[in-house]
1. Can you name the residue in region 233-250 that is assigned to a loop (DSSP other than H, G, I, E, B) and at pLDDT below 90 and, of all such residues, is surrounded by the most Cβ atoms within 10 Å (Cβ to Cβ)?
2. Which of the numbered conditions does ILE127 fail, given that it passes all the others? Conditions: (1) outside any helix (DSSP H, G or I); (2) more than 30 Å from GLY14 (Cα to Cα); (3) not basic (Lys, Arg).
3. When you go through (1) among the charged types (D, E, K, R); (2) in contact (Cβ under 8 Å) with a residue 60 or more places away in the chain; (3) under 14 Å from LEU163 (Cα atoms) one by one for LYS142, which number turns out not to apply?
4. Which one of these is touching a residue at least 12 places away in the same chain (Cβ under 8 Å) and over 25 Å from SER374 (Cα atoms): ASN284, ASN264?
5. Being closer than 30 Å to SER271 by Cβ, in contact (Cβ under 8 Å) with a residue 60 or more places away in the chain and not aromatic (Phe, Trp, Tyr) narrows it down to one residue among ILE334, ILE304; which is it?
6. Kindly indicate whether any position in region 400-419 is of a type in the set (A, V, I, L, M), within 30 Å of LEU244 (Cα to Cα), in contact with an Asp or Glu (Cβ under 9 Å, 6 or more places away or on another chain) and not in a loop (DSSP other than H, G, I, E, B).
7. Does GLU224 satisfy the condition of being exposed (fewer than 15 other Cβ atoms within 10 Å of the Cβ), in contact (Cβ under 8 Å) with a residue 24 or more places away in the chain, among the acidic types (Asp, Glu) and assigned to a helix (DSSP H, G or I)?
8. Residues in region 59-69: is at least one loosely packed, with under 10 Cβ neighbours inside 10 Å, outside the structural domain of GLY355 (by TED's automatic domain parsing) and assigned to a loop (DSSP other than H, G, I, E, B)?
Amino acid sequence: MTKLKVKYVCQVCGYESIGWFGKCPNCGTFGSLVEVKEEPSQRKETRLEAKTYYLKDVDLAETKRIISNFKEFDDLLGGGIVPGSLLLLAGEPGIGKSTLLLQLAFSLQENGYNVLYVSGEESLSQIKYRAERISSKIPPVKFLAENNLELILDILNRENFSLVIIDSIQTIYSDEFPTSPGSVVQIRECTSRLMRVAKKKNTALFLIGHITKEGDIAGPKLLEHLVDVVLYLEGERYQELRILRAIKNRFGPTNDLALYEMRNDGLVEVSNVSKKLLEGRNKNISGSLVVPVIEGTKSILVEIQSLISRSNTTFPRRLSIGVDINKLAMIIAILEKKLNLKLFDKDVFFNVIGGIKINEPAIDLGIAFSLISSYYDNVFPEDTVVFGEVGLGGEVRSVSNIEKRIKEAHKLGFKKVILPRTESISKFKDIMLFPISSIEEGAKIVWGRE
């Protein structure tokens, strides 16, 4: 009788050990190591032959992308879903992941594609209630309410599908592994086996993934490496706007985004992102201004706001939403040093309207002018946008895609742009450009004084 090999696997990080520990040596989690028994692999010596190819001999006609009726979604993926690809959609509970992919399934089925929706979380009756809410006419999409991997693979091997949706990968389990669904071993092995079948049959596979309380995708980090595309659906659960962001994309741009509006009949795409984000903007308050930022291949206009008030505590508060708090602290230090703003006894609050998270350096100059506007309680000109990177010496540095930012601002009716001084700026009609080299120079242009 073959002796079973015993190892202990951490259910948080995937660390493996031949002995049990009360605390995982890798991630430090207590009580996370679980005993796993596996049979030693019996390898047979077989004669295998591999064949090499030149890229010029590869026929791309066989990988024609799957196109839906959602233009922004297709553009986000680089022109549609690639057959045989593995995609992961993650997001907080109740944000709209299942609703989005159910709408996608209906759209593709109407376009002539064969779609299978596998639900490990809801019964078929629950899915039907949700389907009737988002569509008056339900297309003939095939549904399966099942958690067992072997039964799912049996259907995938017997039938041909263009797209298979798994909702969610954390609920799928295999009988071959004596661990609970959602464990590191189950997620890793189930994803690997589903991927092999999808690649073999050239079927696109969409996985829905849960996230942890820290905001990371639940399961081993290997899961993100296995998949071809990682999409993240974010937004406030009790607000209508949802942002679908491409974190990883082997077939298109990364960090691109699509904007959705949650309604009673499901998620609706927003074609003009900038216009939607600036909707309802109050133009006559200090600390508020508009910055053109680049997200993937798009230039979008976002409104930023800041509020500076006298602090009643020993340690003044610094709160930032949508921008890294360390970036805000750096801009505050620059303004104190170069413009003599007394912020050491002030509470500073900063917010990017619409739930957008901005990481690029072009927002630096916007943060600086927003803080100056709030500090002196002077309204920033409503017809002006501003962008640029700010160095520690208060100098304004150039950023990428300058012309794309200017065109987006002009399209929405802005008349003036404050931007970094550079030699490669084209001339634009009906919009005035104010190149600057420092924050002091920009403040003088805006408010007419040093």
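The values are calculated or read from the model by the stated rules, or taken from the named source; none is laboratory data. All of these numbers come straight from a predicted model, not from anything done at the bench. Backbone-built Cβ (ideal geometry, glycine too); neighbour counts: all protein chains shown.
1. The first filter runs over region 233-250 and keeps only residues assigned to a loop (DSSP other than H, G, I, E, B), leaving 235-240, 250.
Cutting the leftovers down to at pLDDT below 90 gives us 235-240.
Numbers: GLY235: 22, GLU236: 12, ARG237: 11, TYR238: 7, GLN239: 11, GLU240: 12.
Ranking the candidates gives GLY235 first.
2. (1)
3. (2)
4. Numbers: ASN284 fails: over 25 Å from SER374 (Cα atoms).
Criteria check complete, one pass: ASN264.
5. Numbers: ILE334 fails: closer than 30 Å to SER271 by Cβ.
Selected residue: ILE304, the only one of ILE334, ILE304 that is closer than 30 Å to SER271 by Cβ, in contact (Cβ under 8 Å) with a residue 60 or more places away in the chain and not aromatic (Phe, Trp, Tyr).
6. Checked region 400-419: no residue is of a type in the set (A, V, I, L, M), within 30 Å of LEU244 (Cα to Cα), in contact with an Asp or Glu (Cβ under 9 Å, 6 or more places away or on another chain) and not in a loop (DSSP other than H, G, I, E, B).
7. Details: exposed (fewer than 15 other Cβ atoms within 10 Å of the Cβ): no; in contact (Cβ under 8 Å) with a residue 24 or more places away in the chain: yes; among the acidic types (Asp, Glu): yes; assigned to a helix (DSSP H, G or I): yes.
Here the answer is no, as GLU224 does not meet what is asked.
8. The answer is yes, given that some residue of region 59-69 is loosely packed, with under 10 Cβ neighbours inside 10 Å, outside the structural domain of GLY355 (by TED's automatic domain parsing) and assigned to a loop (DSSP other than H, G, I, E, B).
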